[in-house]
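This report refers to the structure that appears directly beneath it.
The values are calculated or read from the model by the stated rules, or taken from the named source; none is laboratory data. This is a predicted model, so every value here is computed, not measured. Please note: Cβ atoms are built from the backbone with ideal geometry, for glycine as well, and neighbour counts cover all protein chains shown. Remember, those area values only see protein heavy atoms, side chains included, never the ligands or the DNA or RNA. Shrake-Rupley method; radii C 1.70, N 1.55, O 1.52, S 1.80 Å.
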Amino acid sequence: MEFLASFFDQYGMLLLDGTVDTLVMTVLSTLFAYVIGVPVGVLLVVTSPNGLRPHKALNTVLGWIVNIGRSIPFIILLVAIIPFTRLVVGTSLGVPGAIVPLVVTAAPFVARMVEQSLEEVDGGLVEAAQSFGASTWQIVSKVYLRESLPSLIRGVSITFVTLFGYSAMAGTVGAGGLGDIAIRYGYQRYQTDVMIAAVILCVVLVQVFQTAGDVLARKIDKRR
Amino acid sequence: MIEIKDLNKVFEGRGGSHHALRDVNLTIEDGDIFGIIGQSGAGKSTLVRCINLLERPTSGSIVIDGKDITDYQGRDLLDLRAGIGMIFQHFSLFQQRTVLQNVMFPLELRKEPKAKREARARELLEAVGMAGYEERYPSELSGGQQQRVAIARALANDPKIMLCDEATSALDTRTTVAILNLLKEINEKLGVTMVVITHSLAVAQKICNRVAVIDYGEVVEEGRTVEVFANPQSSVTRELIEHDTLSAVVDVKKEAE
């Protein structure tokens, strides 16, 4: 007990700060990744050859952009887009400097997941909506997005957990966070206790968010 | 009245083109329950989907109440579809919406005030025998109940025409009869013209006053139901009748076992 008390005395604030930094990075980048990823995912579905408004050129180009975005390893992207990051948030350092590359790497990922969720919607429902005179926009909002909501929410959990992991690498640009603490204290200074504490916090947070997402998705899903 | 004139539909695919409908000419009078029968793949669904332009005809025209609708686009197209109800083999109810929300859906599209669409939906559910199920979800209902909800939804916009795509094919015999009776009642009470796709002669015999038999995209026979079945002119119709009697025999045998 005494050990724990002195440990938290010494490292409590550090770990708390790390937790806050990690959560801010993950939550904000998930949010912005969806702001970009949902419209792109919707466009991919709507403009696909069997979509509501097939558009081969737009669909192909969007597909390329998404694939390129997904194929660049995060650690490289983080450094490679520094000029762009500076342009957007004014700095390439700290939490803001990490959020930009996190969003850039997650948005294409989100677009593909949204695309997949929407593709799972029964084509019969889309046809039924069309038969009642629904416009393309109405079908997107009232059928595609609404019917796939449980699946979309599961996607949010997956994105969140993925970005949670990626945010550990953001220590490279001095963004802090639990991953950064684990690497700096555990790997570079051989302070195994700090590393273990940081890793435990990561595990707990991931469990909490994944479970919350699963429970919510199950609760709102009215299919059997 | 629905007039289908020289209708052709060709699907262009990678493996070449498929002539789904060939020079189809049909006239469906107001108040008819018009059966379109044929084997699967004969083009029944494509033909019916041309009436509300879910499929675009390759050539020919569709005239509804004197208006040529074949080239309708934009707002006109959406309004045309809103005026034609449709029900489906697998019901196609929105799984994440309650029964009441499903029936309100077509009215929601037309931006009717909430109170009005709710009152209308409740009235329709009452009419199809589904009062009391408003807050349930489709997954909680049997097939017959789901189809009743789908019928209520199809009636929400007061359509003059209703398209029924194999509406009873996924239902057992008893439920089929109940749904057919409901469709007939709607036809008689509200004067809704019905176009009924079916591969079952029994269904056609039960509710259709006229039928057209189609095979490989062509209308091979058309006329009053009783006459077509009593005196079939084409081999396809005879085949369908034979097949239907056969399946009836098989059913009887199954029950005897």
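A few notes on this one:
- Among the candidates A:129, A:182, A:134, the residue that is outside any helix (DSSP H, G or I), open to solvent by less than 30 Å² (accessible area, probe 1.4 Å), free of Cβ contacts under 8 Å to residues at least 60 places away in the same chain and out of contact with any Gly (no Cβ under 8 Å at 6 or more places or on another chain) is uniquely A:134.
- Of the set (1) open to solvent by 20 Å² or more (accessible area, probe 1.4 Å); (2) under 23 Å from residue B:20 (Cβ atoms); (3) within 16 Å of the chain's Cα centre (by Cα); (4) at pLDDT below 95, all apply to residue B:205 but (2).
- Output for region B:67-125, where each listed residue is of a type in the set (Asp, Glu) and within 8 Å of another protein chain (Cβ to nearest Cβ): B:79, B:108
- The number of residues in region B:126-141 being away from chain A (no Cβ under 13 Å) and within 16 Å of residue B:87 (Cα to Cα) comes to 1.
- Any pair with Cβ under 6 angstrom, 6 or more apart, that starts in region A:93-108 at a residue that is within 15 Å of residue A:35 (Cα to Cα) and ends at one that is among the basic types (Lys, Arg): A:108/A:70
- Residues in region A:137-179 that are open to solvent by less than 10 Å² (accessible area, probe 1.4 Å), without any contact (Cβ under 8 Å) to a residue 60 or more places away in the chain and within 14 Å of another protein chain (Cβ to nearest Cβ): A:143, A:148.
- Residues of region A:74-90 that turn out to be in a loop (DSSP other than H, G, I, E, B) and buried (at least 18 other Cβ atoms within 10 Å of the Cβ), as a count: 1
- Lone qualifier among B:219, B:213 - being among the β-branched types (Val, Ile, Thr), open to solvent by 40 Å² or more (accessible area, probe 1.4 Å) and in a strand (DSSP E or B): B:219
- Of everything listed in (1) more than 15 Å from the chain's Cα centre (by Cα); (2) free of Cβ contacts under 8 Å to residues at least 60 places away in the same chain; (3) open to solvent by less than 40 Å² (accessible area, probe 1.4 Å), the single unmet condition for residue A:118 is (2).
- Residue B:194 vs. criteria crowded, with 23+ Cβ neighbours inside 10 Å, touching a residue at least 40 places away in the same chain (Cβ under 8 Å) and in contact with a Gly (Cβ under 6 Å, 6 or more places away or on another chain): no
- Qualifying residue in region B:172-181 (condition: touching a residue at least 60 places away in the same chain (Cβ under 8 Å) and of a type in the set (D, E, K, R)): no
- Selection status of residue B:150, facing chain A (nearest Cβ under 9 Å) and surrounded by 22 or more Cβ atoms within 10 Å (Cβ to Cβ): yes
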